[in-house]
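Reading through the structure tokens given below for one structure.
The values are calculated or read from the model by the stated rules, or taken from the named source; none is laboratory data. Since we're looking at a predicted model, the values are computed, not measured. As a convention, Cβ positions derive from the backbone with ideal geometry for all residues, glycine included, and neighbour counts pool all protein chains shown.
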Amino acid sequence: MTVRVRFAPSPTGYLHIGGARTAMYNYLYAKAMGGKYILRIEDTDLERSERKFEELQIEDLKWLGLNHDEGPDVGGDYGPYRQSERGHIYKAWSDKLLTNGHAYHCFCSEEELKAKNEIALAEKRDPQYDGKCLSITRAEADKKIAAGEVAVIRFKAPRKSYAFNDHVRGHVEFPEGMVGDFVIMRANGVPVYNFAVVVDDASMKITHVIRAEEHLPNTLRQLMIYEAFSVTPPEFAHGSLLIGEDRQKLSKRHGATSVNLYKEMNYLPQALLNYLCLLGWSHPDEKDIFDIHTLGTMFNLERFTKAPAIYDIKKLDFINGEHLRHLPLETIMIEVGKVIPVEHAFHKMDHDWKIACVNVFKDKLHFFQDITQHLGVLFSLDISNDPEYLEARSWETTPRIREYLGAEIDKAKACGKKFVTEEDLNVWSNHVKGELKIKGKQLFMGMRSVLTHQAHGPELKFIIPLTPIEILAKRIHL
RNA sequence: GCACCCAUCGUCUAGCCCGGCCUAGGACACUGCCUUUUCACGGCGGCGACUGGGGUUCGAAUCCCCAUGGGUGUACCA
């Protein structure tokens, strides 16, 4: 039997970081098992669902590289993949339950039920449906409906306990009487979540349901419905929940919780995925940095964590830097070019210069945009106020270095050179060492302070050949 | 209230199922030092945890019970 898994978001907002994680786990499991990964849109909440959000979420999923095998935009053999287009299916399935006695019409008004709930709560009882409409026969109900009365369809919850085996939680038991008769079809004919999910998962031949722990209690209702249809339920894996620093379920108020924001902030999708993957799952070899697409059969349902994970982006930043460093130089150059201000001198340089430049700075970046601040060491005429720099400037040896280098640079400039080379730099430092008799810290810090006006930075042999000679000439005389 | 789930460094986690190799390992963060051609890189260190109490056992982070704490759910939301 081929594994079939699904990610079923509600198009009521942007793709949430927790949703992205669930989608990824499903995607990875399908890939590991050679199965299919399906995208289903759960838009039964007519008020809050919007087509725009569906499109945006699919766009974000694509950005992450989590491409589905079946879905509303790509089709498949088990469609439609939008719950709003499956009305006839829910109708047929709920009719089946009505016929075999597992469900019944309920004519109680919302006010009536609300009042009863309040009383139950006040008496510290569970506010379960009292079964008032249970005695209404199918024929009577049909007559009332024909006469214009509105009704919901309620599922007759069996009075027995349920148990199932969860891939993450192990043996889970729900004692008898946890839920009363619940609504499966609303008065407007739209199915309620727990019913639609079962109908869809069953008819789409879903074999494994991988989702977050918040759905664990829902499993009871779903198990009941599967039983009423005599359908074997899929296997379940309830991973941990993503929570905020306040240990509450992650939501908008915890800051950047939607995927599109990370795209805007220039995070690498593979880094976001890598981080998310580690929040609730661990790599068999305890690796921290990896491309989730290379996981293959290493991904399994046995390494999920049970306890909720606090979402903290500090580690994500680190991981982003690691992924960025492993990108081809050419790619980094292109990406970096996009975030450096258009008027920056960087853009006037030739290809080889840019590559060399990116190569020097790439190890220091967490994000592409970090490059801008590093570029200063190549173009800036600022003078550091770092005590170490000030000290280097105050040595009596430093003016002698400046005098010599100034002459050399002016000479090179007069010859029409645009840049000095690493060899030039070697010659200079040998001269300072041999002729000026300056060595050690005085030599290197002295040269650095004169050429960059900074106390720290990348090695001179890397940055000086990249610094335009006019900049060098100006700096010398500052 | 009731039901279910969970509990290892500040954070993510390994170890737990199949007790001894755990004076509990790794990563982020924080921090010290080294590299004296110098880094937000790298290397070497430091800080830092088995929620508490009982029990089983020669031996428990690992098994059992209780307590405590936290979370989720309890809708004609998903």
What tally of residues in segment A:276-317 results from selecting those that are assigned to a helix (DSSP H, G or I), hydrophobic (A, V, I, L, M, F, W, C) and within 15 Å of the chain's Cα centre (by Cα)? 6
A:Val197 - would you say it is among the aliphatic types (A, V, I, L, M), in contact with a helix residue (DSSP H, G or I) (Cβ under 9 Å, 6 or more places away or on another chain) and modelled with pLDDT under 95? no
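Can you confirm whether A:Ala412 is away from RNA strand B (no atom under 16 Å from the Cβ), at pLDDT below 85 and crowded, with 17+ Cβ neighbours inside 10 Å?
Answer is yes for this residue.
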Run A:Ile476 past the list (1) near RNA strand B (Cβ under 9 Å from one of its atoms); (2) modelled with pLDDT of 80 or more and report the number of the one that doesn't hold. (1)
A:Lys62: modelled with pLDDT of 95 or more and out of contact with any helix residue (DSSP H, G or I) (no Cβ under 9 Å at 6 or more places or on another chain), yes or no? yes
Here the residues within segment A:285-296 that are farther than 20 Å from A:Leu64 by Cα and more than 8 Å from RNA strand B (Cβ to nearest atom) are A:Asp285, A:Lys287
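Among the residues in segment A:249-272, are any within 9 Å of RNA strand B (Cβ to nearest atom) and modelled with pLDDT of 90 or more?
Looking through segment A:249-272, none of the residues is within 9 Å of RNA strand B (Cβ to nearest atom) and modelled with pLDDT of 90 or more.
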Going through A:Thr305, A:Thr207 one at a time, which residue ends up being modelled with pLDDT of 90 or more and more than 10 Å from RNA strand B (Cβ to nearest atom)? A:Thr207
Taking segment A:415-461 and the residues there that are part of a loop (DSSP other than H, G, I, E, B) and near RNA strand B (Cβ under 7 Å from one of its atoms), the one that is nearest to A:Arg475 (Cα to Cα) would be A:Ala455
Exception for A:Ala407 within (1) within 11 Å of RNA strand B (Cβ to nearest atom); (2) without any contact (Cβ under 8 Å) to a residue 60 or more places away in the chain falls at (1)
Where residues in segment A:415-441 are in contact with an Asp or Glu (Cβ under 9 Å, 6 or more places away or on another chain) and of a type in the set (Lys, Arg), which of them is modelled with the highest pLDDT? A:Lys418
